[in-house]
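K.L.:
Below is the structure I would like to discuss, written out as structure tokens.
The values are calculated or read from the model by the stated rules, or taken from the named source; none is laboratory data. Note that this is a predicted model, so its numbers are computed, not measured. We place every Cβ from the backbone using ideal geometry, glycine too, and count neighbours over all the protein chains shown. What goes into the accessible areas is simple: the full protein's heavy atoms, side chains included, and nothing from ligands, DNA or RNA. Shrake-Rupley method; radii C 1.70, N 1.55, O 1.52, S 1.80 Å.
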Amino acid sequence: MGNVINLRLVRKQRARDEASVRADQNRRLFGRTVAEKAADAAAKTRIEKTLDGARLDSISDTFEE
């Protein structure tokens with residue numbers, strides 16, 4: 001015969017586990033210092049400038065006759 005499980009306790013434990021996962025995600029997303037945020041913004045800007053500088057205006061410009 002199987003074990004008897006209290007569903008109320010299982011639901012509460014599942015809710016605690018989900019809240020823990022959500023809290024961990026929020027810590028990773030929002031738990032950063034100002035310096036970390038500034039460094040990420042600078043890196044993003046640098047990458048965007050590099051990509052914009054390498055972008056071709058149109059295909060016809062590359063094959064002018």
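K.L.:
Asn6 to Lys44: extension gain in nm, 0.36 nm per residue of separation minus the Cα-Cα distance? Numbers along the way, then the final one.
P.N.:
Details: separation 38, 0.36 × 38 = 13.68 nm, distance 5.02 nm.
The Asn6-Lys44 span can extend by a further 8.7 nm.
K.L.:
Now for a separate question. First check a/c for the chain, with a ≥ b ≥ c the square roots of the eigenvalues of its C-alpha gyration tensor; if it is under 1.5, answer rounded, and if not, answer prolate when a/b is larger than b/c or oblate otherwise. Don't skip to the answer; put the middle values down first.
P.N.:
Numbers: a/c = 8.75, a/b = 2.55, b/c = 3.43.
Verdict is oblate for the chain.
K.L.:
Ignoring ligands, DNA and RNA, what accessible area per residue does the chain give at 1.4 Å, in Å²? Can you show the working numbers first?
P.N.:
Details: 6500 Å² over 65 residues.
The answer is 100 Å² per residue.
K.L.:
Another question, then. Of all the accessible heavy-atom surface of the chain, with the other protein chains kept in place and a 1.4 Å probe, what percent is carbon and sulfur?
P.N.:
On the way: 3680 of 6500 Å².
C and S atoms contribute 57 percent here.
K.L.:
Still on this model: Express in nm, to one decimal, how much length is gained between Arg27 and Arg55 on full extension, taking 0.36 nm for each residue of separation and deducting their alpha carbon distance.
P.N.:
On the way: separation 28, 0.36 × 28 = 10.08 nm, distance 3.62 nm.
Additional length available on full extension: 6.5 nm.
K.L.:
Count charges around Asp40 for me, please; just the other residues with Cβ under 13 Å from its Cβ, Lys/Arg as +1, Asp/Glu as -1.
P.N.:
Details: positive: Arg28, Arg32, Lys37, Lys44, Arg46; negative: Glu36, Glu48.
The answer is +3.
K.L.:
Between beta-carbons, use under 15 Å as the cut-off and find the net charge around Arg14, counting Lys and Arg +1, Asp and Glu -1. Kindly include the intermediate steps, with their values, before the conclusion.
P.N.:
Values: positive: Arg8, Arg11, Lys12, Arg16, Arg22; negative: Asp17, Glu18.
Here the charged neighbours net out to +3.
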